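Everything on this sheet refers to the single structure shown next.
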Amino acid sequence: MILNPALISTALLLQQAVDKTKWKISSEPGSFLFPPQASTVAKDLDDTYYMIQNWSIFFTVLIFFVLFYFIFKYNRKTHPIAERTATHNTALELLWSVPPGFVLVYMFWRGFVGYLDLREPPQDSYQISVQAQKWSWTFKYPNGAQSGELHLPVGRPTTMTMTSSDVIHSFFIPAFRTKMDVVPGRYTKTWFTPTKVGQYIVECTEYCGTQHSDMLAQVFVHTEEDFQKWVYEEANWLVKLKYADAEHKVIRPDFKPAEAGKRVFDTFCTQCHRADTQKLIGPGLGGVFGHEVAFADGTKQIADEAYVQKSIEEPSAQIVAGFQGGTSMPTFKGVLQPDYIEVLVAYVKSLKDVK
Ligand code: CUA
């Protein structure tokens, strides 16, 4: 298929380079060059790749064999300058043009048919929207669920509609052989049907800044039943925690926003922020709330709820001193639901005494 074979081969190397203690990957072995085949297109794609590779090896060996054979056979000692050299041989020319021509057309046909399959999502496919930003992935499901890991039902065609908040990223699941650029200001699509329950990873394959190589996300392929359970739970956990009634008007007396906020923090923020005072990519969030924050422009402010919320929704408005010059955090406004931002603020507040 029309996919850069070198990139596919690097997939396995990347897969091996991934930190196995941090990322769960199904241990099913792949082939010599490829990770395991976990989507419907994977086998056809690998077969096409091997077909092209094997034809190339066959012709390379054949041509070199003939070349060295002639060098040896017609060397200058046994064959002093020939008096008569052939100038033209129609049969020979047809032989080396027509059969390889058929091979090339066959390669093109396999690639083209496979490419059309990859580009055209089935009408009734499951829809997940993907938001890429430096340096994480956010996945949104039709029922409102949101996650930093990708959860999928096995055996169901799934379309990913993707966009980026900042620069160009590229969405790649090696085990699915699925790869598509994710571009700011426009939507791109890719689709696949996972065939095996298991754990895989999404990799970013477009250089997007210093943490590009860490821009990974865990993929979980579930049975349909498990997936329905997961996606329902994920869409409703905060509502269930927060409200005592079905109309969502009465807040539970025992609702602890900071605890709910920790869950949001662990899902969406830990790529760049720690809950203590240590700097990761961005500042540590421990001991920030209620204390004075110094900004790059020399101004200062006591961090209150409004400041924390503004930092999440308009991060570039106030850059903390020591973090200027780099790229600021992308906005999470519209990326995270308002409910999530609210509990996140409560969580940052709960970290006020962390030293
Ligand atoms: Cu995102 Cu590389």
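Results, tabulated for the structure shown:
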item	result
Residue in segment 195-203 that is touching a Leu at 6+ places or on another chain (Cβ under 7 Å), in a strand (DSSP E or B) and within 15 Å of Ser39 (Cα to Cα) present	yes
Some residue of segment 66-79 being among the polar types (S, T, N, Q) and open to solvent by 60 Å² or more (accessible area, probe 1.4 Å)	yes
Scope segment 88-103; condition polar (S, T, N, Q), part of a helix (DSSP H, G or I) and open to solvent by 70 Å² or more (accessible area, probe 1.4 Å); matching residues	Thr90
Failed criterion for Lys189 (all others in (1) away from the ligand (no atom under 16 Å from the Cβ); (2) open to solvent by less than 30 Å² (accessible area, probe 1.4 Å); (3) assigned to a strand (DSSP E or B) hold)	(2)
Segment 318-350: number of residues that are under 29 Å from the mean Cα position of the chain (by Cα) and assigned to a helix (DSSP H, G or I)	10
Segment 216-232 - residue that is assigned to a helix (DSSP H, G or I) and touching a residue at least 60 places away in the same chain (Cβ under 8 Å) and, of those, farthest from Thr267 (Cα to Cα)	Glu224
Segment 97-126, residues that are within 30 Å of Pro330 (Cβ to Cβ) and either without any contact (Cβ under 8 Å) to a residue 40 or more places away in the chain or touching a Lys or Arg at 6+ places or on another chain (Cβ under 8 Å) (or both)	Arg119, Pro121, Ser125, Tyr126
Matching residues in segment 192-209 - criterion: being more than 20 Å from Thr267 (Cα to Cα) and within 10 Å of the ligand (Cβ to nearest atom)	Thr205, Glu206, Tyr207, Cys208, Gly209
Some residue of segment 221-232 being of a type in the set (Ser, Thr, Tyr), open to solvent by less than 10 Å² (accessible area, probe 1.4 Å) and away from the ligand (no atom under 16 Å from the Cβ)	no
Test: residue in segment 32-41 that is loosely packed, with under 12 Cβ neighbours inside 10 Å and modelled with pLDDT under 80	yes
Answer residue from segment 295-317, given it is open to solvent by 40 Å² or more (accessible area, probe 1.4 Å), touching a residue at least 24 places away in the same chain (Cβ under 8 Å) and not acidic (Asp, Glu) and is nearest to Ala346 (Cα to Cα) among those	Gln309
Pair list, Cβ < 9 Å and 6+ apart or interchain, from segment 127-144 residues that are on the phi > 0 side of the Ramachandran plot to residues that are in a loop (DSSP other than H, G, I, E, B) and surrounded by fewer than 21 Cβ atoms within 10 Å (Cβ to Cβ)	Gly144/Gln337
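Yes/no per residue for (1) within 29 Å of the chain's Cα centre (by Cα); (2) under 15 Å from Lys352 (Cβ atoms); (3) of a type in the set (Gly, Ala, Ser):
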residue	(1), (2), (3)
Arg263	yes, no, no
Thr270	yes, no, no
Thr277	no, yes, no
Leu280	yes, no, no
Ser311	yes, yes, yes
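The values are calculated or read from the model by the stated rules, or taken from the named source; none is laboratory data. Model, not experiment: these values are computed from the prediction. Every residue, glycine among them, receives a Cβ derived from its backbone with ideal geometry; neighbour counts consider all protein chains shown. Heads up: the accessible areas ignore ligands, DNA and RNA and are worked out on the full protein's heavy atoms, side chains in. Shrake-Rupley method; radii C 1.70, N 1.55, O 1.52, S 1.80 Å.
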